[in-house]
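S.K.: Supplied in structure tokens, the structure appears directly below.
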């Protein structure tokens, strides 16, 4: 697999009623890594399921998609497209009992990005406690779900650095910091960069490329 690749625009008409539709992860990106790092019948888990893109891609590819989503509207949409044996749970990935999720063969997620206007781990509905606190929550998340990973399971995180408006610190290296956190508890295997073929509505905040970070659990 090349260390970079082009990612075409993806229209998601079913998401147009949602204000956050521009932030939805592309299905093609999920499919690329699900195909690379899992086999039919295996469990593909997304602790930040959002609109259910990872779950949907997994079940279309013959895997069992399992997810968690906190936001009520995104959860409702995701639940509407889930087919058994796939499933989605509503709640906080830092609070839900790990036993509610089957052993994980592949974890794929695009995390809620840090934002000074609201706590990403609380669906942006609570005050933000700062960038370093956000990274601390990520450490808790990895520690919480690591015991549920099968030996050899991969963790794939799609993430971008955060660019803030003029007058603030210009860039927060979220992608690089998450790579550092992954390497502390897992065997970091590499990064791939998905480059958008044209600028999107989110480009001013996150740029036109996404880091695809891959790590492996070795028991």
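None of the figures in this text is laboratory data; all of them are computed from the coordinates on show. Keep in mind it's a predicted model, so treat the numbers as computed, not measured. FYI the Cβ positions are ideal-geometry reconstructions off the backbone, even for glycines, and counts take in every protein chain you see.
S.K.: Over the Cα atoms of segment 43-154, what radius of gyration and what Dmax do you get, in Å?
M.R.: For segment 43-154, the Cα-based Rg and Dmax read 13.8, 40 Å.
S.K.: On to the next question. Determine the shape class of segment 41-87: with a ≥ b ≥ c the square roots of the Cα gyration tensor eigenvalues, call it rounded for a/c under 1.5, and otherwise prolate if a/b is greater than b/c, oblate otherwise.
M.R.: The shape class here is prolate.
S.K.: What value, in deg cm²/dmol to 500, does the helix sum -39500 (n - 2.57) over DSSP H runs of n ≥ 4 give at 222 nm once divided by the residues of the chain?
M.R.: Taken over the chain, the calculation gives -8000 deg cm²/dmol.
S.K.: Between residue 92 and residue 11, what's the calculated FRET efficiency when r is the beta-carbon distance and R0 is 25 Å? Round to 0.05.
M.R.: So the FRET efficiency works out to roughly 0.20.
S.K.: Going 7 Å from the Cα of residue 150 along its beta-carbon direction, which residues of segment 36-54 have the amide nitrogen within less than 12 Å of the resulting point?
M.R.: Answer for this model: 38-45.
S.K.: Further question: With no solvent and one equal point scatterer per Cα, compute the Debye intensity ratio I(q)/I(0) for the chain at 0.08, 0.12, 0.16 Å⁻¹ and report its log10, rounded to two decimals.
M.R.: Evaluating at q = 0.08, 0.12, 0.16 Å⁻¹ gives log10 I(q)/I(0) of -0.25, -0.60, -1.15.
S.K.: Roughly how large, in nm² to one decimal, is the mean projection of the convex hull of the alpha-carbon atoms in segment 134-205?
M.R.: The Cα convex hull of segment 134-205, projected and averaged over all directions, gives 6.2 nm².
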